[in-house]
Amino acid sequence: MPTTETRGVRNKNPGNIDYNPANQWQGQLKPDPAIEKRFARFDSPENGIRALGKLLLTYQRKHGLKTVKAIINRWAPSAENDTAAYVRAVEANTGTRPGAEVDLGQPPVMTGFVKAIIHHENAGYAYPDVVVVEGVRRALA
């Protein structure tokens, strides 16, 4: 691991999910502004990945977002991100044609999404496959 971990890796929240008291995520640690003012923290990267996956599923199922572009535009607003580059990276990682509909309920699609988001949010960081697979399994359970 690099000596300077990214915030997402340090918080075991590789999707950089904002803390919201309404979200009672599995494995979420109680907020501590001395450690982290904005983002949720988790007890394991698997639970952080689970929350990331659950949030993506909510975007798809509750909000009807079916394309990589629609999902990433909500995940990473253009005010804070180069959303077009982010979308291209996720499409490439999931083997999705621009504008094609995706089904995040399919483990390979969810895994590709999660890996691309972790890579983008954490300066190229990649967890071992076993960690990602377990986080995705928890998200889809």
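The values are calculated or read from the model by the stated rules, or taken from the named source; none is laboratory data. Quick caveat, the model's predicted, so the values are computed rather than measured. All Cβ positions, even for glycine, are placed from backbone atoms using ideal geometry, and neighbour counts span all protein chains on display.
Just a few scattered comments:
This table checks each residue for (1) of a type in the set (D, E, K, R); (2) at pLDDT 95 or above; (3) farther than 14 Å from G15 by Cβ; (4) touching a Leu at 6+ places or on another chain (Cβ under 9 Å).
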| residue | (1), (2), (3), (4) |
| --- | --- |
| N81 | no, no, no, no |
| V90 | no, no, no, no |
| K115 | yes, yes, no, no |
| I118 | no, yes, no, yes |
| D129 | yes, yes, yes, no |
| G135 | no, yes, no, yes |
| R138 | yes, yes, no, no |
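- Scan of region 103-112 for residues that are of a type in the set (A, V, I, L, M, F, W, C) and modelled with pLDDT of 95 or more, ordered by number: L104, M110
- Residue in region 18-29 that is more than 21 Å from V133 (Cβ to Cβ), assigned to a loop (DSSP other than H, G, I, E, B), within 14 Å of the chain's Cα centre (by Cα) and not polar (S, T, N, Q) present: yes
- Every residue from region 30-40 that is over 21 Å from V131 (Cα atoms) and crowded, with 17+ Cβ neighbours inside 10 Å: none
- Helices (runs of 4 or more DSSP H) enclosed by region 55-141 - at least 2 residues per element that are crowded, with 16+ Cβ neighbours inside 10 Å and without any contact (Cβ under 8 Å) to a residue 24 or more places away in the chain: 68-75, 83-94, 107-121
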